[in-house]
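Please read the structure below before turning to the comments.
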There are 2 protein chains.
Amino acid sequence: MCELLGMSANVPTDICFSFAGLMRRGGQTGPHRDGWGIAFYEGKGCRSFHDPAPSAESEIARLVSRYSIKSCTVISHIRRANRGRVSLENTHPFTRELWGRMWTFAHNGQLKGIKDRILTFYEPVGSTDSEHAFCWLLDQIRMQYPEPPKTTGGLMKLIRHLAADLGTLGVFNMLLSDGRYLWCHCATNLAWLTRKAPFGAATLLDADMSVDFSQETTPNDVVTVIATRPLTRDEAWTVMQPGQMAVFRSGALVTR
Amino acid sequence: MCELLGMSANVPTDICFSFAGLMRRGGQTGPHRDGWGIAFYEGKGCRSFHDPAPSAESEIARLVSRYSIKSCTVISHIRRANRGRVSLENTHPFTRELWGRMWTFAHNGQLKGIKDRILTFYEPVGSTDSEHAFCWLLDQIRMQYPEPPKTTGGLMKLIRHLAADLGTLGVFNMLLSDGRYLWCHCATNLAWLTRKAPFGAATLLDADMSVDFSQETTPNDVVTVIATRPLTRDEAWTVMQPGQMAVFRSGALVTR
């Protein structure tokens, strides 16, 4: 199983603390040795770091966990390969452009028969189920909305419907973002936590590391973290139910 | 003016030496303080690093110049902004998927009226002339070849024609790659150099740094480096002529 990590915040926030916990699971406290990746949005820009090497041993992962890249939306993934060999092109998150925005996608699970679904605009570069599912999903959105919709109600409904449809093919834990919204679909494991004032302290489950968020934040900050499993021992995580969708924007839950 | 750097090689080769020279031009020996980026192909995979901060001060640039990422095709760019503000989404190289391959593009120059050209499949995320030109170029390729062509003759001709067309709008020094080919179009400044056996020593123009390639290579290695201006003082660079195109694959010049 792979591990997912996402963040949605109302102010540019670094993800160093959560990422430090996640990267330990990549070959040290966990078995996910088959690469890792992370995408940061900064305004409309999106930069990502990918490494087919285990995150616990990756020099790039050390840079990312040390170097404070501040972002309002982050998607990260560490991989335990089941479909598709260990290689750079099979390393999540995947990115494609739609409507002049970069969309980013990471997935945990397997989808039986996904490669039978016909693709139109987007084609996978690698050989994973996941990238095929992402291309199919963006194809469907693009066919329904060749131009960006003026209101988001229909788009929200469509993405919920597409995620549920993909969920019928197997296990579909997903993080998806266009830089503004963060769509989280739970099949088996996904939990989230919103940090806001009054801020307290938190201790990682996977590393001997604590942080006092009251020292790091301003009273108006709202930061939501989503992960396959809770990352801290002393905070109240909301564990999502199978088939559930949660959508965040600027740190706040906008629909579920 | 921005600085371009490209590499094409027949074996995965690190670009640390050339990149060390280039990054000094980003705010130290040169005036290109407005961000930088680099894309490395590894098989079909492509990973890129982008930073809107000056390369001479960038922690990510230090990682890239120190950490030996081996690749057969590289495109890098350091930016002096003239169109489009300094931001992540305006930082080259730009990337889009076509035919299940990641295409990468970096440009130096300005193109008057480029934004009047209508786009179909690809849309810019940022506000630069360059990204609009890239989207238009891929659009034209995709319209001509909805499926990847079986032979490359027509594609080579098309890209040459499109680059010449863009060249009529202003200054169009370009590096473009699909991971196999590296297309180089010269408007004003572009020079290249092929290193192969017998290998010798080289000294950077911008930094006090030498390398003896005979210690770093095998006799079969063929590595071509393309840059806005020659990077070394003691090698025979081929300075390209205005309007000239050079295409490399596996380090070798395949057509010009």
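The values are calculated or read from the model by the stated rules, or taken from the named source; none is laboratory data. Everything quoted here is computed from the prediction, not taken from an experiment. FYI the Cβ positions are ideal-geometry reconstructions off the backbone, even for glycines, and counts take in every protein chain you see.
Only one of A:L63, A:L111, A:L137 is of a type in the set (A, V, I, L, M) and either touching a Gly at 6+ places or on another chain (Cβ under 7 Å) or within 16 Å of A:G179 (Cα to Cα) (or both); which?
A:L111
Could you please let me know if B:H77 is assigned to a loop (DSSP other than H, G, I, E, B), closer than 25 Å to B:G45 by Cα and within 19 Å of the chain's Cα centre (by Cα)? Break it down stepwise before answering.
Numbers: assigned to a loop (DSSP other than H, G, I, E, B): no; closer than 25 Å to B:G45 by Cα: yes; within 19 Å of the chain's Cα centre (by Cα): yes.
Spelling it out, it is not the case that B:H77 is assigned to a loop (DSSP other than H, G, I, E, B), closer than 25 Å to B:G45 by Cα and within 19 Å of the chain's Cα centre (by Cα).
Out of the residues in the range A:203-230 that are modelled with pLDDT of 90 or more and farther than 13 Å from A:T13 by Cα, state the one that is surrounded by the most Cβ atoms within 10 Å (Cβ to Cβ).
If we take residues in the range A:203-230 being modelled with pLDDT of 90 or more and farther than 13 Å from A:T13 by Cα, then A:I226 is surrounded by the most Cβ atoms within 10 Å (Cβ to Cβ).
For residues that are at the interface with another protein chain (Cβ under 8 Å from one of its Cβ atoms) and not β-branched (V, I, T), tally how many sit in the range B:53-69.
3
Quick one: how many residues across the range B:49-60 are part of a helix (DSSP H, G or I) and modelled with pLDDT of 80 or more? Even if it seems obvious, please write down each step before you answer.
From the range B:49-60, those part of a helix (DSSP H, G or I) are B:55-57, B:59-60; that's our starting set.
With the extra rule that they be modelled with pLDDT of 80 or more, the set shrinks to B:59-60.
Of the residues in that region, 2 qualify.
Across the range A:121-148, what is the number of residues that are farther than 13 Å from A:W103 by Cβ, acidic (D, E) and touching a helix residue (DSSP H, G or I) at 6+ places or on another chain (Cβ under 9 Å)?
Here the count works out to 2.
Restricted to the range A:105-117, and to residues that are touching a residue at least 12 places away in the same chain (Cβ under 8 Å) and surrounded by fewer than 20 Cβ atoms within 10 Å (Cβ to Cβ), which residue is nearest to the other protein chains (Cβ to nearest Cβ)?
Ranking the candidates gives A:K115 first.
Picking from B:T217, B:T194, which residue would you name as being among the β-branched types (V, I, T) and not in a strand (DSSP E or B)? Quick ask: steps written out before the conclusion?
Working: B:T194 fails: not in a strand (DSSP E or B).
So the residue among B:T217, B:T194 that is among the β-branched types (V, I, T) and not in a strand (DSSP E or B) is B:T217.
For the subset of the range A:122-138 comprising residues that are under 16 Å from A:M174 (Cβ atoms) and charged (D, E, K, R), which member is surrounded by the most Cβ atoms within 10 Å (Cβ to Cβ)?
Of everything passing the filter in the range A:122-138, A:E131 is surrounded by the most Cβ atoms within 10 Å (Cβ to Cβ).
Given the options B:T151, B:T203, B:T188, name the one that is farther than 19 Å from B:T73 by Cβ, more than 18 Å from the chain's Cα centre (by Cα), part of a loop (DSSP other than H, G, I, E, B) and away from chain A (no Cβ under 14 Å).
B:T151
How many residues, within the range A:57-66, are touching a residue at least 40 places away in the same chain (Cβ under 8 Å) and either more than 19 Å from B:R66 (Cβ to Cβ) or surrounded by fewer than 22 Cβ atoms within 10 Å (Cβ to Cβ) (or both)?
Residues meeting the conditions: 1.
When only residues in the range A:113-148 that are of a type in the set (D, E, K, R) and part of a loop (DSSP other than H, G, I, E, B) count, which is farthest from the chain's Cα centre (by Cα)? It would help to see each step written out before you state the result.
Step one: list which residues in the range A:113-148 are of a type in the set (D, E, K, R), which gives A:115-117, A:123, A:129, A:131, A:139, A:142, A:147.
Filter once more, so that each one left must be part of a loop (DSSP other than H, G, I, E, B): A:117, A:123, A:147.
Details: A:R117: 23, A:E123: 21, A:E147: 25 Å.
Here the residue is A:E147.
Which numbered condition in (1) among the hydrophobic types (A, V, I, L, M, F, W, C); (2) under 23 Å from B:H77 (Cα atoms); (3) crowded, with 18+ Cβ neighbours inside 10 Å is the only one that B:L253 fails?
Result: B:L253 fails condition (3) only.
Where residues in the range A:172-182 are within 18 Å of A:C2 (Cα to Cα) and among the hydrophobic types (A, V, I, L, M, F, W, C), which of them is farthest from the chain's Cα centre (by Cα)?
Checked the range A:172-182; the qualifying residue farthest from the chain's Cα centre (by Cα) is A:F172.
Per-residue answers, yes or no, for (1) farther than 14 Å from A:L182 by Cα; (2) touching a Phe, Trp or Tyr at 6+ places or on another chain (Cβ under 9 Å):
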{"position": "A:L205", "(1), (2)": "yes, no"}
{"position": "A:S214", "(1), (2)": "yes, yes"}
{"position": "A:P230", "(1), (2)": "yes, yes"}
{"position": "A:V247", "(1), (2)": "no, yes"}
{"position": "A:L253", "(1), (2)": "no, yes"}
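Out of the residues in the range B:1-48 meeting the condition of being of a type in the set (G, A, S) and in a helix (DSSP H, G or I), tell me which one is modelled with the highest pLDDT.
Selected residue: B:S18.
I'd like the residue in the range A:80-104 that is hydrophobic (A, V, I, L, M, F, W, C), in a loop (DSSP other than H, G, I, E, B) and more than 8 Å from every other protein chain (Cβ to nearest Cβ) and, out of all such residues, is surrounded by the most Cβ atoms within 10 Å (Cβ to Cβ).
That would be A:A81.
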